[in-house]
Amino acid sequence: MRTDRIVRTFVEYYEERGHRRITGSTLLPPPGDPVLFTTSGMHPLTPYLEGRPHPLGRRLVNVQRCLRTTDLDEVGDDTHLTLFEMLGTWSLGDYEGPRSLGWGYDLLTEGFGVDPGRLHVTVFGGDERTGPDTASLELWQERGVPVELTVEDNWWSNGPTGPCGPDSEIFLWTSDTPPESTPTGDDRWVEVWNHVMMRHRRLDDGSLVPLPQRNVDTGLGLERLATLLQGRRSVFDCDVFDPWRETVPSRWELDGTSLRVVCDHLRSALVVIGDGVRPSNTGRGYVLRRLLRRVLTLLRQDGPGRGLGDLPEELVRHTLDRFRPDGDPGEVRRVLLDEERGFLRLLERGRRVLDRPRFRGPLTEEDFHYLHDTHGLPRELVLGIRPC
Ligand code: SER
């Protein structure tokens with residue numbers, strides 16, 4: 001099942017159950033939001049989870065692009081991407097968790113044809129502040145799905161403060177061997193769908209107060225589900241990456257992990273630029289800069305002449321068509337190439353400075369500060385020129 005059909009099946013299933021489709025937002029949260037990028041489908045809906053009536057009602061469904069850069073070191077494995085799409089549903093003070101979980105189970109097994117024997121779930125087991133989530137536990141027991149109870153892993157929040165609550169995560173077994181162990185015990189269980197019983201707000205002092213309404217917020221990782229439904233092992237092998245696999249390896253010879261990181265970071269950079277961010281030394285612009293510098297470093301590792309000028313044009317267009325149909329591919333390429341030129345100039349300056357006698361030995365913390373403050377050379381760039 002290709003991703004477009006997965007999206008259609010998902011949205012129609014929830015529309016048939018009274019949900020209205022809302023348009024996904026860009027990657028940029030509204031002004032004043034402390035988080036740099038949209039990291040979850042619920043993010044743009046925070047005011048409605050906190051009680052403001054939504055113009056389209058209490059049952060919503062959407063597809064939201066998300067960017068997560070907290071797991072950067074894991075990108076290149078089989079399941080992590082910086083940019084991904086999340087299929088989401090919300091009950092804004094309408095139905096409760098068990099109904100959401102029951103629908104989720106039916107859609108996975110009947111709508112998407114997942115073998116129920118390959119499912120495992122986790123449920124919040126309770127802590128000193130909040131009791132165990134017995135309603136979810138009972139629902140799963142009725143359906144005959146094995147349950148693992150956890151505490152920290154089954155509490156979801158979008159940040160240190162704000163809406164939060166216990167969650168129940170649905171995992172799929174990804175190996176050809178019969179399922180074994182539990183989600184926390186074996187990483188062949190891959191999480192695909194999270195249902196959060198979002199009914200608390202965490203305050204600055206860490207205490208929890210009830211939200212004005214009891215919500216359910218769910219998020220299903222599109223690329224992960226597509227990978228499993230398409231019988232692939234890695235997210236980089238699902239149809240989303242078809243055009244990348246078809247064009248990038250013939251331009252740039254890269255080892256397996258570097259190829260994945262280059263494709264992931266470039267795809268994210270294209271969408272981040274398409275959503276209006278420009279490279280800079282702070283905030284979102286700095287996240288973009290770091291993604292691009294990592295790409296450039298990997299490209300130049302085995303081929304100093306390789307650069308973004310070789311990026312296939314159809315990839316820029318293809319990516320913008322999906323996420324930002326009104327984006328200008330020419331402008332996005334210009335931003336990439338400007339950033340590359342700036343990086344190469346900085347690299348040159350860094351080499352000259354690091355050749356000075358003062359920096360011959362091992363670099364100290366003081367050296368790193370000096371190189372950064374006086375010469376504008378960030379630590380990761382210095383380490384790229386001279387690994388410790
Ligand atoms: N907010 C939850 C998550 O991101 C469910 O969508 O996992």
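Given the peptides 366-377, 89-100, arrange them by the average over their residues of other C-beta atoms within 10 Å, most packed first. Before the final figure, lay out the partial values.
Details: 366-377: 13.6, 89-100: 21.2.
The packing order, highest mean first, is 89-100, 366-377.
Work out, step by step, the length gained on full extension between Thr130 and Glu50: first 0.36 nm times the residue separation, then minus their alpha carbon distance; give nm to one decimal. Intermediate values should be presented prior to the final figure.
Details: separation 80, 0.36 × 80 = 28.80 nm, distance 1.94 nm.
Extra length available between Thr130 and Glu50 comes to 26.9 nm.
If you average the sequence gap of Cα pairs under 8 Å that are 6 or more apart and divide by the length of the chain, what percent do you get for the contact order?
On the way: 598 pairs, mean separation 54.2, N = 388.
Rounded, it is 14 percent for the chain.
Run the Debye formula on the Cα coordinates of the stretch 235-314, all scatterers equal and no solvent, and tell me log10 I(q)/I(0) at q = 0.15, 0.18, 0.26 1/Å.
Cα-only, vacuum Debye calculation for the stretch 235-314: -0.53, -0.76, -1.34.
If we restrict to alpha carbons, what Rg and Dmax does the stretch 41-91 come to, in Å?
14.0, 41
Return the percentage of antiparallel bridges among DSSP beta bridges fully within the chain, rounded to the nearest 5 %.
On the way: 42 of 49 bridges.
Counting only bridges with both partners in the chain, antiparallel ones make up about 85 percent.
Sticking to Cα atoms, compute the Rg of the chain to one decimal and its Dmax as the biggest Cα-Cα distance, whole number, in Å.
Taking only Cα atoms of the chain, I get Rg and Dmax of 22.7, 72 Å.
Answer rounded, prolate or oblate for the stretch 44-172, using the Cα gyration tensor with square roots of eigenvalues a ≥ b ≥ c: rounded when a/c is under 1.5, else prolate when a/b is larger than b/c, else oblate. Before the final figure, lay out the partial values.
Values: a/c = 1.22, a/b = 1.06, b/c = 1.15.
Judged from the Cα gyration tensor, the stretch 44-172 comes out rounded (a/c under 1.5).
Mind ordering 25-35, 60-70 by average Cβ neighbours within 10 Å, highest first? Each step should come with its number before you reach the end.
On the way: 25-35: 13.8, 60-70: 19.8.
My ranking of the peptides, most packed first, is 60-70, 25-35.
Can you give the angle from 0 to 90° between the axis of helix 134-143 and the longest principal axis of the chain, with both taken from C-alpha atoms, to the nearest 10?
Once rounded, the angle reads 80 degrees.
Using Cα centres only, tell me the gap between the stretch 231-305 and the stretch 131-156 in whole Å.
37
All other residues with a Cβ under 15 Å from the Cβ of Pro357 taken together, and with Lys, Arg as +1 and Asp, Glu as -1, what is their net charge?
Details: positive: Arg351, Arg352, Arg356, Arg358, Arg360, Arg386; negative: Asp355, Asp367.
Every neighbour counted, the sum reads +4.
Using helices alone, what [θ] at 222 nm do you get for the chain, with -39,500 (n - 2.57) per DSSP H run of 4 or more residues, divided over all residues and rounded to the nearest 500?
On the way: 12 runs with 149 residues, N = 388.
Mean residue ellipticity, 222 nm, calculated: -12000 deg cm²/dmol.
Taking 7 Å along the Cα-to-C-beta vector as the label spot, tell me the Arg21-Leu344 distance in nanometres, rounded to one decimal.
Here the modelled spin labels are 4.4 nm apart.
Tilt of helix 283-301 relative to the longest C-alpha principal axis of the chain, in degrees (0 to 90, nearest 10)?
60
If eta is 1.567 mPa s and T is 4 °C, what Stokes-Einstein diffusion coefficient results for the stretch 202-270, Kirkwood Rh from Cα pairs, in µm²/s?
Values: Rh = 15.2 Å.
Answer, rounded: 85 µm²/s.
Quick one: check the C-alpha center-to-center distance for the stretch 331-347 versus the stretch 28-95, whole angstrom.
First find each Cα centre; the distance between them is then 30 Å.
In Å and on Cα atoms, what radius of gyration and Dmax does the stretch 156-209 show?
15.2, 47
Taking every pair of alpha-carbon atoms in the stretch 123-227, give the share separated by more than 22 Å as a whole percent. List each step's numbers first, then the result.
On the way: 1902 of 5460 pairs.
Roughly 35 percent, rounded to a whole number.
Translational diffusion coefficient of the stretch 15-117 at 20 °C, 1.002 mPa s, Stokes-Einstein with Kirkwood Rh over Cα pairs, in µm²/s as a whole number. Please list the in-between numbers first.
Working: Rh = 15.5 Å.
My calculation gives 139 µm²/s for D.
Could you compute the net charge surrounding Gly330? Neighbours are other residues with a C-beta less than 14 Å from the C-beta of Gly330; K and R count +1, D and E count -1. Walk me through the numbers on the way to the answer.
Values: positive: Arg317, Arg324, Arg333, Arg334; negative: Glu313, Glu314, Asp326, Asp328, Glu331, Asp338.
Neighbourhood net charge equals -2.
Every number in this text was worked out from the coordinates using simple rules, so none of it is lab data. As the structure is a prediction and not an experimental result, all values here were calculated from the model. Ideal geometry is used to build each Cβ from the backbone, glycine not excepted, and the neighbour counts take in all protein chains shown.
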